[in-house]
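Values quoted throughout were computed directly from the atomic coordinates according to the rules given, and no laboratory measurement underlies them. What you see is a predicted model, and the numbers here were worked out from it, not measured in a lab. Note that we place each Cβ from the backbone using ideal geometry, even for glycine, and neighbour counts take in every protein chain shown.
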Amino acid sequence: MSEWDPNDPDAVKVHYDISTWSIDQRAELAEALADAEVDHRWDGDELVVPEDVEGRVDDLFERLEELLGPFAVPLDADDAGVEYVLDEWPPADRQTLTQALIEGEIPHRWDGPAVVVATDAEETVDGLLDAVEQGTIVLAGAGGGAPEGALDVMFSAADRLAKDPDDQGGRDDLLELAARLDRTQPPYGVPVKGWAVAVAAATSLAELVAGDDAGSPSDVIGAAQSLRSLVREYV
């Protein structure tokens with residue numbers, strides 16, 4: 001560490017706005033700065049560093065974005081923005097919108113249940129709001145999406161169980177997959193809401209075929225047919 005004094009009026013400082021970063025992301029940043037022995041100070045939601053380490057910090061931010069990002073783009077202080085009050089939306093829908101804004105690199109900030117977006121992005125955000133409400137929005141997924149081949153496995157297992165509720169291969173494939181599914185992480189090209197319905201159906205079917213309390217053959221066949229119908233259009 002240098003003997004940098006951020007209060008020195010002659011010291012040239014570089015500011016990084018991290019107001020949109022989560023607590024976990026800020027903790028990762030703090031640890032990375034300490035590991036790299038970069039002199040820095042915190043000023044509210046800003047990271048302040050001396051000018052001579054700007055290049056190193058830029059590189060550090062790029063590495064963190066690869067590991068933790070993408071990050072939200074903060075709204076410009078000079079932009080009054082357009083406000084949308086979404087207090088009637090469920091938290092899951094607000095989270096979906098947040099992810100869409102981040103993936104679209106649309107500057108924004110949240111104030112409770114209200115989101116303020118960049119003025120020039122109003123038309124785009126109107127479309128996102130409609131897509132979230134209709135369940136037709138498609139996201140890349142911050143967690144990397146669904147397991148590879150999830151839809152094919154889901155359809156194949158459902159098809160086998162619909163034909164034979166005692167099919168062991170279908171049961172094993174379904175149980176192994178169901179444990180790794182996340183309703184908020186759809187495969188590319190699959191709407192979030194449609195994926196959430198399919199995951200719920202797969203989970204229900206998995207519960208029917210698991211252990212000694214397996215459902216009746218007719219229950220398994222019915223649930224398998226339902227799951228097969230839900231995912232057929234995506235495979």
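Listed values, structure above:
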read-out	value
Charge dipole (debye, nearest 20) of the range 12-136; +1 at Cβ of Lys and Arg, -1 at Cβ of Asp and Glu	320
Rounded to the nearest 20 debye, dipole of the chain from Cβ charges on Lys, Arg, Asp, Glu	1600
Cα pair distances of the range 82-134 binned at 10 Å [whole percent]	25, 67, 8
Scattering curve values for the range 41-162, log₁₀ I(q)/I(0), Debye with Cα scatterers, q = 0.09, 0.14 Å⁻¹	-0.39, -0.79
Cα-based Rg / Dmax (Å) for the range 1-96	16.3, 51
Helix axis angle, 168-178 relative to the chain longest principal axis, alpha carbon, degrees	20
GNM flexibility winner over the chain from Gln99, Gln168, Gln185 (Cα, springs under 10 Å)	Gln168
Förster radius 30 Å - calculated FRET efficiency between Tyr16 and Ala80 (Cβ-Cβ, nearest 0.05)	0.80
Size descriptor, Kirkwood hydrodynamic radius, that averages inverse alpha-carbon separations across the range 150-232, Å	12.3
Length gained when the stretch Asp166-Ala32 is fully extended (0.36 nm per residue, less Cα-Cα span)	43.0 nm
Fraction of antiparallel bridges per DSSP, the chain only, in percent to nearest 5	95
Mean projection area, nm², convex hull over Cα of the chain	16.7
Backbone HN-Hα couplings from phi across the range 57-67 [Karplus 6.51/-1.76/1.60, Hz, Gly and Pro as x]	5, 4, 5, 5, 4, 4, 5, 5, 5, 5, 7
Expected 222 nm ellipticity per residue - DSSP helices of 4 or more, -39500 (n - 2.57), all of the chain, to 500	-15500 deg cm²/dmol
Neighbourhood net charge (14 Å Cβ-Cβ; Lys/Arg +1, Asp/Glu -1) for Glu66	-4
Relative contact order for the range 154-233, counting Cα pairs under 8 Å that sit 6 or more residues apart, in percent	41
Among Val48, Val38, Ala158 - extreme Cα towards positive end, dipole of the chain, charges at beta-carbon	Ala158
